[in-house]
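Down below is the structure, laid out as structure tokens.
The values are calculated or read from the model by the stated rules, or taken from the named source; none is laboratory data. Just so we're clear, the structure is a prediction, and the values are computed from it rather than from any experiment. Note that each Cβ is placed from the backbone with ideal geometry, even for glycine, and that neighbours are counted across all protein chains shown.
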Amino acid sequence: MAEYAERTDNIEIKVEPFYVPEQSSPESDYYFFAYKVTIMNHGQSPMQLTHRHWIIVDGKRRVQEVRGEGVVGVQPTIKPGDSFEYSSFCPLPTPTGNMRGSYDMLNENGEKVSVNIPVFFLRDLKHDQ
């Protein structure tokens, strides 16, 4: 399983994507991908994740953008030296694609910091012809 990582200032984002064949239906052009995100605070002050922005590109280069508050229904505050982990999913109409984006976070002074989410690839190797 591939792991993708990027660090913006003191915040490191790691993503592990994987294909979920039992929830996919390739004959109906439905490919279900899941991913685990780990957000690590290497800084000296707490950071709160307030918003997310995803750019999703399928195998035919169609782009979809998703914006929203927090992740998986929460806006976690990550203390120095701690991490926050969550899992989510992204169905695609093609056996390949990629995702990237950013999180908006607030530092202890209430200043907004944009943190990059690394580009990561979604791939069903069996049907990627």
Requested in this report: Output the number of residues of segment 38-70 satisfying the condition of being more than 16 Å from N10 (Cα to Cα) and either part of a loop (DSSP other than H, G, I, E, B) or not aromatic (F, W, Y) (or both).
Outcome: 20
Query raised in the report: Does Q64 meet the test of being within 30 Å of P26 (Cβ to Cβ), touching a strand residue (DSSP E or B) at 6+ places or on another chain (Cβ under 6 Å) and polar (S, T, N, Q)?
Result: yes
**Report entry** Close pairs (9 angstrom Cβ cut-off, 6 or more residues apart or separate chains): closer than 11 Å to D124 by Cα in segment 6-35, β-branched (V, I, T) and surrounded by fewer than 17 Cβ atoms within 10 Å (Cβ to Cβ) anywhere
**Finding:** Y31/V20; F32/V20; F33/V20
Query raised in the report: Are any of the residues in segment 78-98 surrounded by fewer than 16 Cβ atoms within 10 Å (Cβ to Cβ), of a type outside the set (D, E, K, R), over 18 Å from R123 (Cα atoms) and more than 17 Å from the chain's Cα centre (by Cα)?
Result: yes
Report summary line: Over segment 79-111, the set of residues part of a strand (DSSP E or B) and in contact (Cβ under 8 Å) with a residue 60 or more places away in the chain is F89, P91, L92, G97, M99, Y103, M105
**Report entry** I55 being without any contact (Cβ under 8 Å) to a residue 60 or more places away in the chain and within 17 Å of F121 (Cα to Cα)
**Finding:** yes
Report summary line: Taking segment 1-23 and keeping residues surrounded by fewer than 18 Cβ atoms within 10 Å (Cβ to Cβ) and closer than 12 Å to S102 by Cα leaves E6, R7, T8, E12
**Report entry** Some residue of segment 46-60 being touching a helix residue (DSSP H, G or I) at 6+ places or on another chain (Cβ under 9 Å), within 22 Å of A2 (Cα to Cα) and buried (at least 18 other Cβ atoms within 10 Å of the Cβ)
**Finding:** no
Query raised in the report: Is segment 90-101 home to any residue that is over 22 Å from V20 (Cβ atoms) and modelled with pLDDT of 95 or more?
Result: no
